[in-house]
Amino acid sequence: MKLRKNDPDFFEIFNSFNNREILEYVSISKRTRFIITLATLIANTSKEKYAIAVRDALEVMSPIEIKEVLYQSVAYVGIGKTFELFEVTNDVLAKNGVELPLKSISTVNKENRHEKGLEIQKRYFGDEVIQSMIDNAPEGQERFNDFLSGYCFGDFYTRDALDDKDREMITFCVLATLGGCENQLRAHVAANLNVGNDKEVLIDALTILLPYIGFPRTLNALAIINEY
């Protein structure tokens, strides 16, 4: 790796902080740590580090689980940043003996995707919150709530392989990494708590995110967690 050769001080500082100082404070599983790392590297579009993380994650995650972290990120990061990462993921999996394509794990169709997505929204955020959002949409802008239910939640959250806690953890990590999404991050902190990722789990996740996203975004996210 060129970084190790040309910038040994940075390489040593990053790895010392990430591996020695941070990990002594967290108690979440190795699998969850990889989910967090993959999610933040996707949001940062860090192709080289992401490829390494995909390879290493195969130790504790199935290929389908790894691929699902990327699928879950698409609606939040956007196709522009995630498109090439599908190729990166497939290349790493193929080099490690995984037969492609992986089986489809979609569970919805065009007739029920909106309904199923809306069900998940109401389960995560509460009926009243979602209904109020729908009822109070400005005239002519109702389509965005439809997109949110059908695309974000219907097409992605309904997929197999990852559970509610995994998917909301990914969303939390992506939003914290992106920054500037505090309103959405606040909503998804509440959703994480509703699906079983308690405050200590979120603080552990943020501890792992720190070297990847820096102090300003970490402290902004921490302030939101501490509202609960």
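Residue 35 fails exactly one of the following numbered conditions: (1) in contact (Cβ under 8 Å) with a residue 40 or more places away in the chain; (2) in a loop (DSSP other than H, G, I, E, B). What is the number of that condition?
Failing condition for residue 35: (2).
So is residue 68 at negative phi and under 11 Å from the mean Cα position of the chain (by Cα) or not?
yes
For residue 200, are the conditions met, namely being out of contact with any Asp or Glu (no Cβ under 8 Å at 6 or more places or on another chain), charged (D, E, K, R), open to solvent by 30 Å² or more (accessible area, probe 1.4 Å) and modelled with pLDDT of 95 or more?
On the way: out of contact with any Asp or Glu (no Cβ under 8 Å at 6 or more places or on another chain): yes; charged (D, E, K, R): yes; open to solvent by 30 Å² or more (accessible area, probe 1.4 Å): yes; modelled with pLDDT of 95 or more: yes.
Answer is yes for this residue.
Within the stretch 47-81, can you find the residues that are of a type outside the set (Asp, Glu), open to solvent by 40 Å² or more (accessible area, probe 1.4 Å) and more than 29 Å from residue 147 (Cβ to Cβ)?
Residues satisfying the conditions are 49, 52, 55, 58, 60, 62.
Just to be sure before I move on: is residue 26 open to solvent by less than 30 Å² (accessible area, probe 1.4 Å), modelled with pLDDT of 80 or more, farther than 21 Å from residue 192 by Cβ and β-branched (Val, Ile, Thr) in the structure I sent?
It is false that residue 26 is open to solvent by less than 30 Å² (accessible area, probe 1.4 Å), modelled with pLDDT of 80 or more, farther than 21 Å from residue 192 by Cβ and β-branched (Val, Ile, Thr).
Name the helices (runs of 4 or more DSSP H) wholly within the stretch 123-228 that hold at least 2 residues that are closer than 23 Å to residue 49 by Cα and more than 14 Å from the chain's Cα centre (by Cα)?
199-213, 215-225
Can you tell me which residue in the stretch 82-119 is most open to solvent (accessible area, probe 1.4 Å), limited to those that are touching a Pro at 6+ places or on another chain (Cβ under 7 Å) and in a loop (DSSP other than H, G, I, E, B)?
The qualifying residue most open to solvent (accessible area, probe 1.4 Å) is 102.
Would you confirm, using the coordinates I've provided, whether residue 146 is within 19 Å of residue 116 (Cβ to Cβ) and open to solvent by 20 Å² or more (accessible area, probe 1.4 Å)? If you could, list the steps in order and put the result at the bottom.
Details: within 19 Å of residue 116 (Cβ to Cβ): yes; open to solvent by 20 Å² or more (accessible area, probe 1.4 Å): yes.
Yes.
Residue-wise test of (1) of a type outside the set (Gly, Ala, Ser); (2) farther than 30 Å from residue 105 by Cα.
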| position | (1), (2) |
| --- | --- |
| 130 | yes, no |
| 145 | yes, no |
| 172 | yes, no |
| 177 | yes, no |
| 189 | yes, no |
| 194 | yes, no |
| 198 | yes, no |
| 216 | yes, yes |
| 223 | no, yes |
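May I ask you to list the residues in the stretch 62-81 that are outside any helix (DSSP H, G or I) and either touching a residue at least 12 places away in the same chain (Cβ under 8 Å) or of a type in the set (Ser, Thr, Tyr) (or both)?
Kept after step one, since they are outside any helix (DSSP H, G or I), are these residues of the stretch 62-81: 62, 78.
Of everything in the stretch 62-81, just one residue is outside any helix (DSSP H, G or I) and either touching a residue at least 12 places away in the same chain (Cβ under 8 Å) or of a type in the set (Ser, Thr, Tyr) (or both), namely 62.
The values are calculated or read from the model by the stated rules, or taken from the named source; none is laboratory data. Here the structure is a predicted model, which means the values were calculated and not measured. Positions of Cβ are generated from backbone atoms using ideal geometry, with glycine treated the same way; all protein chains shown enter the neighbour counts. Just so you know, the surface numbers come from the protein's heavy atoms only, side chains and all, with ligands and any DNA or RNA stripped out. Shrake-Rupley method; radii C 1.70, N 1.55, O 1.52, S 1.80 Å.
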